[in-house]
1. Let me confirm something: among F549, F528, which residue is more than 21 Å from the chain's Cα centre (by Cα) and hydrophobic (A, V, I, L, M, F, W, C)?
2. Just wondering, is there one or more residues in the range 68-77 that are surrounded by fewer than 20 Cβ atoms within 10 Å (Cβ to Cβ) and out of contact with any strand residue (DSSP E or B) (no Cβ under 9 Å at 6 or more places or on another chain)?
3. I'm checking my understanding of the structure. Among residues of the range 398-425 that are under 20 Å from A450 (Cα atoms) and of a type outside the set (A, V, I, L, M), which one is surrounded by the fewest Cβ atoms within 10 Å (Cβ to Cβ)?
4. What number of residues in the range 424-468 are polar (S, T, N, Q), touching a helix residue (DSSP H, G or I) at 6+ places or on another chain (Cβ under 8 Å) and not in a helix (DSSP H, G or I)?
5. Just name the residue that is surrounded by the most Cβ atoms within 10 Å (Cβ to Cβ) out of those in the range 244-270 that are polar (S, T, N, Q) and at pLDDT 75 or above.
6. Which of the residues belonging to the range 564-608 are surrounded by 22 or more Cβ atoms within 10 Å (Cβ to Cβ), over 20 Å from A638 (Cβ atoms) and either assigned by TED's automatic domain parsing to the domain that holds P127 or hydroxyl-bearing (S, T, Y) (or both)?
7. Inside the range 629-739, counting only helices (runs of 4 or more DSSP H) that do not spill past its ends, which hold 1 or more residues that are modelled with pLDDT of 95 or more and buried (at least 18 other Cβ atoms within 10 Å of the Cβ)?
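The values are calculated or read from the model by the stated rules, or taken from the named source; none is laboratory data. Since this is a predicted model, take the numbers as computed values, not measurements. Here the Cβ is made from the backbone with ideal geometry for all residues, glycine too, and neighbour counts use every protein chain on show.
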Amino acid sequence: MTVTRFSALMAGLLLAAPSALPQGQEAGSAPREVMWKAPSRADWDKPCLIEWQRTFDDALAVAEDTGKPILICVNMDGEIASEHYAGIRYRTEETAKLYEPYVTVIASTYRHTPRDYTPDGQRIPCPRFGGVTCGEHIAIEPLLFEKYMEGQRVAPRHIMIELDQKEVFDVFYAFDTKSVFDQIKAGIADRTLQPRETERGDRTWQERITSRDQADRLFIERMFQTADEATRVAMLEKAVAAGEAQSAELMRLALLAKSEAQAVPVSVGATQMTSRQLAWKTMVEDPTMQRLPLMETALGLDLDGVDRESLVSALEELGKQSPRAKSLASVQRGLLATSDSLQVDERVQEAQNINLSAVLEENQVIKDALEARARVWQESGQAGDGSAHLKAAEAFLARALDADRRAKETQYLFADAKSLAEEALAMGQSSWLAHGILALCEFRYGTVAASQAHAEKAVQTMPVHAMGRVAVETLRLYALGKRRAIRDAVRSGQDWSPEMLAEAQAAYRVLEHHPLCWEQDCVTQIDFLNRLGAYAQGGEVLTRALQRFPDSAELHLRLRNRILATAGATGLGGLEDTYAQMLADPDATPNLTWFAGYASQLAAEYHRRAGEREQAVSAYERAIDHFEANLLAIPTNATTADHFIAIAKAGKARMAMENGELAEAYALIQDAFQRAPGSMATVDGMGVTGVMTATTLMARLRENEREDLASELQTTLEALSPELRRPPAFDRVGPGRRR
């Protein structure tokens, strides 16, 4: 089979047909905004008509079953030609008919919905492409990139694959759609293999349940959700017998269904059970790699002790072949375990009784004691028990911790502290304080193993009432060392003891109640738990941390990510709803309006992706109101508030333009440029900049004979620096360019 590859030069000189361009326009010479017409709101409101397969394995199975070749489509948010395909071409009957002889898959690395499933297990189709979830078109991209894209991430792109998985053509950097569509037609016309005639009409669910075709999968899933319990059990039994690929989605629906309490058990062999019980039994008795994501989801359910134990045991069994499963099982064991060595409850009580001023005063006393070192040294005697050495080491360390870390004098302070602590140990002062000082000094020098060894010894003998600076810093290092050891074991696929997690959790629990707990301590703990899959525990830490550090941008970032993952951007429990409840608190921090504005801006973009124009406009307006309120309350936030207000206005302008409201779009984009001209080159969450919107709007205005507005807009654009007017990196097309 001959492979045909089209570069930008080939597409421009050999394939572009003059008839596809405006009269008198040569191929490749028209402005891209004219060549690749931006989709309007009416275009986006139409459904995507291409039937995408969910995975490449599904596509291969369907191709084998039907005899059709595979067509890989690659798309990129914000890139003007990709927008044209996604918003216009994929939604027309003509294109759907053209792609019909192929088994089609879509690859895109951009997420358009925050989640792939609702809390009750229903799929959330991608609003940009339809049919597939965002997770599916994201997951397929690296696989196809590795197999067929030869190191170039270019979009839009169309690759034809034959039944032997060999490439037939690869079209990218084309200057018009006709070049692409001609090749797609030729791919079928030149093909010697003929697809098999298959009857896919009136078939029973028993016949469809073994199919991997997207249409059949959708039919089965919809029927499962509305069927009675006996039929659901029968469908799940047959799907499980057909293999993991056929049963995964039905098992998810069964496990997460909200109506389980009303389900009536039916006979499965000699046992009475519901579809949920059958799905659970299948999952824990036959754990597989394909079922691992579902098992991870199940960890977040409200499980009784028996079910949790059976799930963790299944993860341990799967852990024999999966490092991720092994890690999840160890995490669950570690979260349930307790650390007796740290006497956590007593230490937490001590920490809660300490106030910051007392700790700082004690630290200052220790620092000041260094001035009287000669007198203390003389009174104790150099060859005594080492207590004078230890006091001096603590004083040197106290000064070092508060000094400029980049100054050379700070290095000397750490060196003196380390030397004196070692001498104290040699003189018999084998106390937790000496080991704590050495742990902090070794950490400063980058000798991590030695630092952790001293931290271990310090914590083992540290008295419960020790709540000073060295004690807190030592606990911080102790927790860090345990986390690092777990992280390294997980990365290398090695076993690690659940007690390590219990000890790390215990150290953090004491630390978070201490007045010297930092915002970064909370962030580190949240990220650590989330990486391990302990999302519920990470959420609990986040809630407590935000009460203590309500203005933390890092914590609000994690709050947004958590809301998007669990409840979504919009609706009850979503981003805006959550921040509205937080703003209702009379003790809310003044900066909360800024974070609420950013949440509304994100919600607006998710509304846009879902084609909900009115809701998006309203969310943008709320974002602007929040930022304006924040600007009045805290004028020093002007730079960032003006930036996001301008981005919101540009987003509204884009939607007005897509809806044909050109005068409104013109007014909004001019407002945006006036508010923050330097922000107009910033790519928003939709992959679009204000400059891109203004450039496309100029073309639309001229098409509609509004030269007056187009000229004024051109003047506004030309007032920007050349660097700001440059397209984003992904939109700079050129022969041989590699992204």
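1. Details: F528 fails: more than 21 Å from the chain's Cα centre (by Cα).
One residue alone meets the criteria, F549.
2. Within the range 68-77, not a single residue is surrounded by fewer than 20 Cβ atoms within 10 Å (Cβ to Cβ) and out of contact with any strand residue (DSSP E or B) (no Cβ under 9 Å at 6 or more places or on another chain).
3. Out of the qualifying residues, it is Y412.
4. Residues of the range 424-468 polar (S, T, N, Q): 429-431, 447, 451-452, 460-461.
With touching a helix residue (DSSP H, G or I) at 6+ places or on another chain (Cβ under 8 Å) added as a condition, the list becomes 429, 431, 451-452, 460-461.
Cutting the leftovers down to not in a helix (DSSP H, G or I) gives us 429, 431.
Residues in the range 424-468 being polar (S, T, N, Q), touching a helix residue (DSSP H, G or I) at 6+ places or on another chain (Cβ under 8 Å) and not in a helix (DSSP H, G or I): 2 in total.
5. Filtering the range 244-270 down to residues polar (S, T, N, Q) leaves 246-247, 259, 262, 267.
Subset that is at pLDDT 75 or above: 246-247.
Working: Q246: 20, S247: 24.
Checked the range 244-270; the qualifying residue surrounded by the most Cβ atoms within 10 Å (Cβ to Cβ) is S247.
6. Y579, Y606
7. Values: elements: 638-658, 662-675, 690-703, 707-718, 722-725.
Because the criterion is at least 1 residues that are modelled with pLDDT of 95 or more and buried (at least 18 other Cβ atoms within 10 Å of the Cβ), the helices (runs of 4 or more DSSP H) in the range 629-739 that meet it are 638-658, 662-675.
Here is a yes/no grid of residues against (1) closer than 26 Å to F396 by Cα; (2) among the small types (G, A, S):
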residue	(1), (2)
L480	yes, no
R483	no, no
R487	no, no
R509	no, no
Q525	no, no
G533	no, yes
E554	no, no
